[in-house]
1. Given 0.36 nm per residue, what is the gain on full extension from residue 59 to residue 121 after removing their alpha carbon distance, in nm?
2. If eta is 1.567 mPa s and T is 4 °C, what Stokes-Einstein diffusion coefficient results for the range 48-140, Kirkwood Rh from Cα pairs, in µm²/s?
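No lab work stands behind these numbers, since they all come straight from the coordinates. Everything numeric in this text was worked out from a predicted model, so none of it was measured.
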Amino acid sequence: MQFVNLHKEHDTLSTKQVHEGLEESKAETALSEPPAVAQPEISQPVPEMFWLRWAYTLEFLVAIVAVITLWGEVGGEVHLDLIPWYAKLACILGWSWCCVRLTAGFVEQKKVWTGRTIRWLFGIILLTAVMGGITYYYHLHEEPDDSGDDTTANSVSTAAPGNCFYVACNRPNS
């Protein structure tokens, strides 16, 4: 049986050849690197953007108050009281955020109706529909009032015979 020599001298590189190859590739990369470009300094925000941030913040707060008031007037305070706080919070903050982003889309783009502004308007419409659906659900599932039995005792009497004014009272006539 003959032993096969697994070590081939032709396929291996010496350590000297490996180091020479590395030195050549370092020299090539040093020549091909572009010259260093000065990094721009981090500047302060543009004054216009500074006051725009305050304007957007103020708009967000006004939108929160507006949506709470509008939802209470349109949907009814009784139904709004039945809705869990986290659902109201999510709807109110989401609607206000969409309103601010719609305004930002109007301000920051040259054209009024872009894909960005249409998406934020769609978000406002969608959240309005969700708020209406939640209110309608709680309208259908509210507990009915048991006001069919009126147990209050009021008597109606005339102040004087022949007088056309009626007085509602709980005391006997004098």
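1. Working it through step by step, the gained length comes to 20.7 nm.
2. Stokes-Einstein gives a translational diffusion coefficient of 92 µm²/s.
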